[in-house]
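K.L.:
Once you've had a glance at the structure underneath, I'll fire off some questions.
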Amino acid sequence: MKYLSRKMALIGMIASLGLAMPAMASPGGEQGMQRQQAGERMAAALNLTDAQKQEIKAIRSEARPGMKSLGDAMRANRDALRKLNPDDAKYLSEVDRLASEKGSLVQQMVVAHAHMRAAIHQVLTPEQRVKAQEFAAKRDRKGKHRKPGRGMEEAE
């Protein structure tokens, strides 16, 4: 489990490399700005070449439409679930249907992210991969001191 956590952190950091471009930041959002800055720091720390930056940008651009489509579908699913009325006779069957749909959407999103991350990983040199793993391990250590929040499980 610890290996998987470290690997996912590495993959997340690698994926953030492409976020250095302003067009990729969330419009007007603070979170988008933070991602952009993290991507810029990572690109600088790994000493990415201009060719690597361009290749990563292309990978992310190619993945973006499919991921946006999945994100939109996930949002619609969440909204439909919230709008259900517990008094409705079909409430539980609709919850079951939407829950199954959400599971499928999440699976598709995880796989889409994994494909993008794997492609980005292939752009890095062996030395850059080692350095990225070191950053992931450092981020894992810092993360253990955070309070659990949305999407974070309580540390055991």
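K.L.:
In whole Hz, what ³J(HN,Hα) sequence does region 92-102 give by Karplus (6.51, -1.76, 1.60; θ = phi - 60°), x for Gly and Pro?
P.N.:
My calculation for region 92-102 gives 5, 5, 5, 4, 4, 5, 5, 5, 5, 4, 4 Hz in order.
K.L.:
Show me, for region 60-68, the HN-Hα J-couplings you get by feeding each phi into the Karplus relation (A = 6.51, B = -1.76, C = 1.60, θ = phi - 60°), rounded to Hz, glycine and proline as x.
P.N.:
Using θ = phi - 60°, the values come out as 5, 5, 5, 7, 4, x, x, 5, 5 Hz.
K.L.:
Could you run the Karplus curve 6.51 cos²θ - 1.76 cosθ + 1.60 with θ = phi - 60° over region 79-84 and give me ³J(HN,Hα) per residue in whole Hz, x for Gly and Pro?
P.N.:
Coupling constants for region 79-84: 5, 5, 5, 5, 7, 5 Hz.
Here, each number is a calculation from the coordinates, and none is a lab measurement. Bear in mind the structure is a predicted one, so any value in this text is a computation, not a measurement.
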